[in-house]
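Asker: Pasting a structure below so you can have a look.
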Amino acid sequence: MELALAHPALKAFMCGSLSGTCSTLLFQPLDLVKTRLQTLQNSMGPGAPRVSMATVFLNVIRTERLLGLWKGVSPSFMRCIPGVGIYFSTFYSLKQHYFLDRAPNAGEAVLLGAGARCVAGVAMLPVTVIKTRFESGRYNYVSVFGALRNVCETEGPRALFSGLTATLLRDAPFSGIYVMFYSQAKRSLPPEVASSAFSPLVNFGCGVVAGVLASLATQPADVVKTHVQVSPDLYPRTTDAVRFIYTEHGLSGFFRGAVPRSMRRTLMAAMAWTVYEQLMARMGLKS
């Protein structure tokens, strides 16, 4: 009864948080492998042979056991559960405020998705920094709160916002591009298909297409973000990381880890949106 009386934005937050929980737990191994791929080559030095995604997977299982693939899942939960909730509640509120009587066009969808992502990205950046460091394997943090305290004491609170520019350059365009392709793909389908019993499968399919395109477009910013957050002493500015990656690895260096990231971001976003839309429909709210 209390849930039924809750504010629509709060319902959107709860639906988003639940969808974020499911997708984070399933696809955390892909995120860990992506982070390792992006940071491993630097430790090996220039000219070293490229490391494959399968090699990293097997190495993690061999040295850290199967559960090692879920290293960083605690900060991932701390980031994604409230972060996805903030994203969807902001998205819902913006959409209801500006597009209550009509569907946004392609350009408006980009702004809608990017705006919601900026709010969530800034709010959750400290946890994102800790999550990236957990996954890199270079830090011996025991807990998320312990890591937050350690960073504040040794590097200062400012370090918790390292990579802010690269994060927003990655997340805002990703979400904007994703929402644009996702909404346009759904709009192109016949109404009877979109509203049929197969709507979860339709939503997931549209999400996969949108996720692949958005992931590839924002991969360079993700590589830069990882470098800045893992080694803030080496790359105090975003441009320092960009210069290093290009000098040492060329343009291909900006696409390292693209496969696991594309798989994870695509499947995670598709699942999150599918679960979110189904939950919102059950609550009688139009997403």
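Asker: Report those helices (runs of 4 or more DSSP H) wholly inside segment 187-265 carrying at least 1 residues which are surrounded by 23 or more Cβ atoms within 10 Å (Cβ to Cβ).
Answerer: Passing ranges, in order: 199-230, 238-249.
Asker: Does segment 191-198 contain at least one residue that is out of contact with any Ser or Thr (no Cβ under 6 Å at 6 or more places or on another chain) and touching a residue at least 12 places away in the same chain (Cβ under 8 Å)? Before you say what the answer is, go through the steps one by one.
Answerer: To start, the set of residues in segment 191-198 that are out of contact with any Ser or Thr (no Cβ under 6 Å at 6 or more places or on another chain) comprises 191-198.
After this cut, where a residue has to be touching a residue at least 12 places away in the same chain (Cβ under 8 Å) as well, the list is none.
No, that holds for no residue.
Asker: Same structure, new question: Among the listed residues Tyr235, Tyr178, which satisfies the condition of being among the aromatic types (Phe, Trp, Tyr) and within 20 Å of Leu37 (Cα to Cα)? Walk me through how you get there before you give the answer.
Answerer: Details: Tyr178 fails: within 20 Å of Leu37 (Cα to Cα).
After applying the criteria, what remains is Tyr235.
Asker: Kindly indicate whether any position in segment 91-108 is in a helix (DSSP H, G or I), within 30 Å of Phe244 (Cβ to Cβ) and small (Gly, Ala, Ser). So that I can check it myself, show each step before the final result.
Answerer: Going through segment 91-108, the residues in a helix (DSSP H, G or I) turn out to be 91-98, 106-108.
Checking which are within 30 Å of Phe244 (Cβ to Cβ) leaves us with none.
There is no residue in segment 91-108 that is in a helix (DSSP H, G or I), within 30 Å of Phe244 (Cβ to Cβ) and small (Gly, Ala, Ser).
Asker: When both residues are 6+ apart or on different chains and their Cβ atoms are under 7 Å apart, which pairs have a first residue that lies in segment 164-189 and is without any contact (Cβ under 8 Å) to a residue 24 or more places away in the chain, and a second that is surrounded by 22 or more Cβ atoms within 10 Å (Cβ to Cβ) and assigned to a helix (DSSP H, G or I)?
Answerer: Lys186/Cys206
Asker: Output the residue which, of all residues in segment 90-109 that are touching a residue at least 24 places away in the same chain (Cβ under 8 Å) and polar (S, T, N, Q), is farthest from Ala12 (Cα to Cα).
Answerer: Applying the filter and picking the extreme gives Gln96.
Asker: Does segment 106-117 include one or more residues that are hydrophobic (A, V, I, L, M, F, W, C), surrounded by fewer than 21 Cβ atoms within 10 Å (Cβ to Cβ) and within 23 Å of Val144 (Cβ to Cβ)?
Answerer: No, the conditions are met nowhere in segment 106-117.
Asker: Okay, moving on. Return a yes/no flag: does segment 133-156 have any residue that is under 17 Å from the mean Cα position of the chain (by Cα) and either farther than 22 Å from Val33 by Cβ or of a type in the set (S, T, N, Q) (or both).
Answerer: yes
Asker: Mind checking which pairs have a first residue in segment 114-135 that is basic (Lys, Arg) and a second that is outside any helix (DSSP H, G or I) and modelled with pLDDT under 95, Cβ under 8 Å, 6 or more apart or different chains?
Answerer: Lys131/Gly72; Arg133/Tyr139; Arg133/Tyr141
Asker: Could you please find all residues in segment 146-163 being assigned to a loop (DSSP other than H, G, I, E, B) and modelled with pLDDT of 90 or more?
Answerer: Those that are assigned to a loop (DSSP other than H, G, I, E, B) and modelled with pLDDT of 90 or more: Glu155, Gly156.
The values are calculated or read from the model by the stated rules, or taken from the named source; none is laboratory data. Keep in mind that what you see is a predicted model, and the values were worked out from it rather than measured. FYI the Cβ positions are ideal-geometry reconstructions off the backbone, even for glycines, and counts take in every protein chain you see.
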